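Asks: There's a structure below that I have some questions on.
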Amino acid sequence: MDITVQWVRTSWTKRSRGGEAAVRRNAAPAGFALPPGAPGPGHLHAVRMREEDGFAPHETWEALRPSGLGLRERDGRLRVLPLVPPLYDLPPRRRRPPAVRLLPGQWVRWQLNHRFSSAAGMQDWSYWLDTFNVAYGPVDTGAFRCAPTVLVDECGPVR
């Protein structure tokens with residue numbers, strides 16, 4: 001069965017927590033059209049948007065393994081659960097939602113945010129918003145620009 005994964009990461013600092021920069025950041029899409037020429041199974045469509053670039057999208061194809069996304073097919077369903085190592089526990093998450101089990105033809109949008117500081121506290125806080133768009137079965141190129149079958153918002157307060 002086909003599995004299509006798009007990983008959208010938006011990153012910023014305190015400079016984009018308010019004002020015009022925050023408006024640009026919040027206007028960034030959570031899903032993009034899939035470009036033609038996918039390298040095949042085992043890859044994901046990665047889109048990165050950074051404060052330094054004015055949140056302009058930069059697209060690449062990457063290996064699926066290092067994405068931190070747990071995917072497992074069983075009994076005609078796809079189990080999806082983003083992995084969150086202890087280093088990324090900020091903002092605090094009381095209880096993680098359970099994995100989503102997709103039927104063929106369904107897709108999930110799962111959003112997580114993260115907050116980081118340097119170990120010595122020498123740098124300002126930085127923030128990430130990770131959006132995983134995962135489809136089980138064939139999809140057209142514009143699938144991730146529409147409403148998902150399942151939406152999981154696991155974002156916490158970033159203060």
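Computed from the coordinates by the stated procedures, all read-outs in this text should not be read as laboratory data. A quick note: this is a predicted structure, and the numbers were derived from the prediction, not measured. With ideal geometry, Cβ positions are generated from the backbone for all residues, glycine too; neighbour counts draw on all protein chains shown.
Asks: Mean separation of Cα pairs under 8 Å and 6+ residues apart, divided by the residue count of the chain: what relative contact order is that in percent?
Replies: 30
Asks: Let me ask something else. Which residues' amide hydrogens lie under 5 Å from the amide hydrogen of residue 55, considering only partners 5 or more residues apart or on another chain, with H built in the peptide plane?
Replies: Close amide H contacts, sequence-distant or interchain: 50.
Asks: Using DSSP, restrict attention to beta bridges with both residues in the chain and report what percent are antiparallel, rounded to the nearest 5. It would help to have the intermediate numbers written out before the result.
Replies: On the way: 36 of 47 bridges.
If I count the DSSP bridges inside the chain, around 75 percent turn out antiparallel.
Asks: Which residue, 43, 54, 150, has the largest displacement toward the positive end of the dipole of the chain when charges sit on each Cβ (Lys, Arg +1; Asp, Glu -1)?
Replies: About the Cα centre, the residue reaching furthest to the positive side is 150.
Asks: Neighbour counts of other C-beta atoms within 10 Å: give me 146, 155 arranged from fewest to most.
Replies: 146, 155
Asks: Something else: When averaged across all projection directions, what area in nm² does the alpha-carbon convex hull of the range 3-154 cover?
Replies: 9.7
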